[in-house]
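Each remark here refers to the structure printed beneath this line.
The values are calculated or read from the model by the stated rules, or taken from the named source; none is laboratory data. Because the structure is a prediction, the values reported are computed rather than measured. Here the Cβ is made from the backbone with ideal geometry for all residues, glycine too, and neighbour counts use every protein chain on show. Ligands, DNA and RNA are stripped out before the accessible areas are found, and what is left, the full protein with its side chains, is counted by its heavy atoms. Shrake-Rupley method; radii C 1.70, N 1.55, O 1.52, S 1.80 Å.
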Amino acid sequence: MLKEERLDAIVALVDQKRVIKVNDIVDRLGVSDMTVRRDLTELEEAGRLKRVHGGSQTLNVYRPEELSHADKQIINKSEKKEIAQKALKLIQEDETIYLGPGTTIELLAEIMNFENLRVVTNCLPVFQTLRQKKGNIKVYLLGGEMRELTKAFFGEITNKALQDMHFHRAFFSSNAVKGNEIMTATIEEGQTQAIALDNSVNRYLLIDSSKVEKEDFYTYYNLSDVTAVVMNQDDYDMYQKVEKEVQVIV
């Protein structure tokens, strides 16, 4: 691998992971520890990333365009599975719950097996997964306009239906969390999520640690109004930044 290719690969890894250790870069690229440290210094001086203790941090806090649904299914999948397992323990039989869009929520739907549960969702993949489940999981798909990028329904039809529904628990995700703000890519999807959350007794945000300290276009809810955030454990204890605003389950 040429040096310029290696530098570009390092920046791509850092942007993907948000924060990454030197050892992880060494393992991914198959180069020496000394080479990686020298490259990180050069990249920091060029303003392409920020050095932190033991590794580096992305400067790309606001991604120029939203990732596709297919990309989101691949990125940080093991972390998302960990989060889904933790969230599963929060659901009880005989409840009515809301599941929002997002690949972490889809993984939660895959492992849900209950004798009696009512689920409302505006996410097509969540609906398709749950309707194949055995047992008595009654699942309702909210209609409306579907955004192809997220496979989620939104808009006036969706919102009117949600306004008359009430939930024991709501599970949702986001593209970014910074300070007390929970953010997503569009106003319309954010507004739909906010209605469901306002109508739920308990609200759980499911995010992997790469979403922390990121930004997106529209703030649709506050961390301080959430019951708890369910996160994966990582080497940088990113949950501590969220813990300043709300309870975190790790």
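Tell me the angle of helix 187-198 to the major Cα principal axis of the chain, expressed in degrees between 0 and 90 and rounded to the nearest ten.
So the helix axis and the longest Cα principal axis differ by about 60 degrees.
On the accessible surface of the chain, probed at 1.4 Å, how many percent belong to carbon and sulfur atoms?
Looking at the chain in its full context, I get 46 percent from C and S.
Run the 1.4 Å probe and let me know the accessible area of Met1, rounded to the nearest 10 Å².
140 Å²
Provide the FRET efficiency to the nearest 0.05 for the Asp225-Gln132 pair, computing r from the beta carbons and using R0 = 35 Å.
0.55
Given an 8 Å cut-off on Cα distances and at least 6 residues of separation, report the relative contact order of the range 180-250 as a percent.
Once divided by the residue count of the range 180-250, the mean separation gives 37 percent.
Sequence gap at least 6, Cα distance under 8 Å: using those rules, report the relative contact order of the chain to the nearest whole percent.
15 percent
For His168, His53, His69, what's the largest-to-smallest order of accessible area, 1.4 Å probe?
His53, His168, His69
Send over a whole-number figure in Å² for the accessible area per residue of the chain, probe 1.4 Å.
That works out to 49 Å² per residue.
Using 7 Å Cα-to-Cβ label points, what is the Arg6/Arg37 separation (nm, one decimal)?
In this crude label model, Arg6 to Arg37 measures out at 1.5 nm.
Treating the angle as unsigned and between 0 and 90°, give the value, to the nearest 10°, between the Cα long axis of helix 3-17 and the longest Cα principal axis of the chain.
Relative to the chain, helix 3-17 is tipped by roughly 30 degrees.
In degrees from 0 to 90, rounded to the nearest 10, what is the angle of the helix 33-45 Cα long axis to the longest principal axis of the chain?
Value to nearest ten degrees: 80.
Report the calculated FRET efficiency for Lys50 and Ile157 (r = Cβ-Cβ distance, R0 = 51 Å), to the nearest 0.05.
It comes to 0.70.
Evaluate the charge dipole of the chain about its Cα centre and quote only its size in Debye, nearest 20, assuming +1 on the Cβ of each Lys and Arg and -1 on the Cβ of each Asp and Glu.
Computed charge dipole of the chain: roughly 480 debye.
With a 1.4 Å probe and all protein chains kept in place, how much accessible area does Leu59 have, in Å² rounded to the nearest 10?
The accessible area comes out at roughly 90 Å².
Could you please put Ile97, Ile75 in sequence from largest to smallest accessible area, using a 1.4 Å probe?
Ile75, Ile97
Report, in debye and to the nearest 20, how large the dipole of the range 78-197 comes out about its Cα centre when Lys and Arg carry +1 and Asp and Glu carry -1 on their Cβ.
300 debye
Need the full-extension length gain, Ser78 to Asp94, defined as separation in residues times 0.36 nm minus the C-alpha distance. One decimal, nm.
That works out to 2.8 nm of additional length.
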